[in-house]
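Scroll down for the structure; my scribbles are underneath it.
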Amino acid sequence: MGYKALQKYFNPEDLKFIEKQYLNQKDSLWQKNDFKKFDITDSAEQKKIVEHSKKGKRMGSYYSYSFSVPLFSLDKKYALVTKQFFCGMMCSDQCIYVYERDNLLNKWKVVSSWFCGSS
């Protein structure tokens, strides 16, 4: 999905608002206290994943997921989120997703993706 496809979900004012949110992020790291049931990895843990993959070992528990802070449209109907899966050298994928809020069900659903790739 390119810039023109983004315009299907975000008008010019939304895109300016999203840019402002992105540029004004002070802390975009998730904190351990935010996720009691998950292990939050740091750069040392990421290095362990790379070293594990260099040895040609199976993935096992050596992987991580990362998520960006969501960036919202002005009306909060749409959000952009980057998700990444990492399991070592030549073992990752990443994608930017557009989510739409369904107010009746009070849920978010993926409606489009952009810049997806794997290694």
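The values are calculated or read from the model by the stated rules, or taken from the named source; none is laboratory data. Bear in mind the structure is a predicted one, so any value in this text is a computation, not a measurement. Neighbour counts are summed over all protein chains in view; Cβ atoms, including those assigned to glycine, are modelled from backbone coordinates with ideal geometry.
Observations, loosely collected:
- Residue in segment 67-93 that is surrounded by the fewest Cβ atoms within 10 Å (Cβ to Cβ), counting only those that are touching a Lys or Arg at 6+ places or on another chain (Cβ under 7 Å) and under 30 Å from Val50 (Cβ atoms): Phe67
- Filter result (of a type in the set (S, T, N, Q) and closer than 26 Å to Ala44 by Cα) within segment 88-119: Ser92, Gln94, Ser118, Ser119
- Members of segment 97-117 that are surrounded by 17 or more Cβ atoms within 10 Å (Cβ to Cβ) and among the aliphatic types (A, V, I, L, M): Val98
- Neighbours by Cβ (under 8 Å, 6+ apart or cross-chain): first from segment 1-15, at negative phi; second modelled with pLDDT under 85 and part of a helix (DSSP H, G or I): Leu15/Leu6
- Residues (in a loop (DSSP other than H, G, I, E, B) and modelled with pLDDT of 90 or more) located in segment 1-19: Tyr9, Phe10, Asn11
Conditions (1) at pLDDT 70 or above; (2) not hydrophobic (A, V, I, L, M, F, W, C), marked per residue:
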| residue | (1), (2) |
| --- | --- |
| Leu29 | no, no |
| Phe35 | no, no |
| Lys47 | yes, yes |
| Val50 | yes, no |
| Ser61 | no, yes |
| Leu74 | yes, no |
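- Taking the criterion of being over 18 Å from Gln7 (Cβ atoms) and in a loop (DSSP other than H, G, I, E, B), the residues of segment 77-103 that qualify are Cys87, Gly88, Met89, Met90, Cys91, Asn103.
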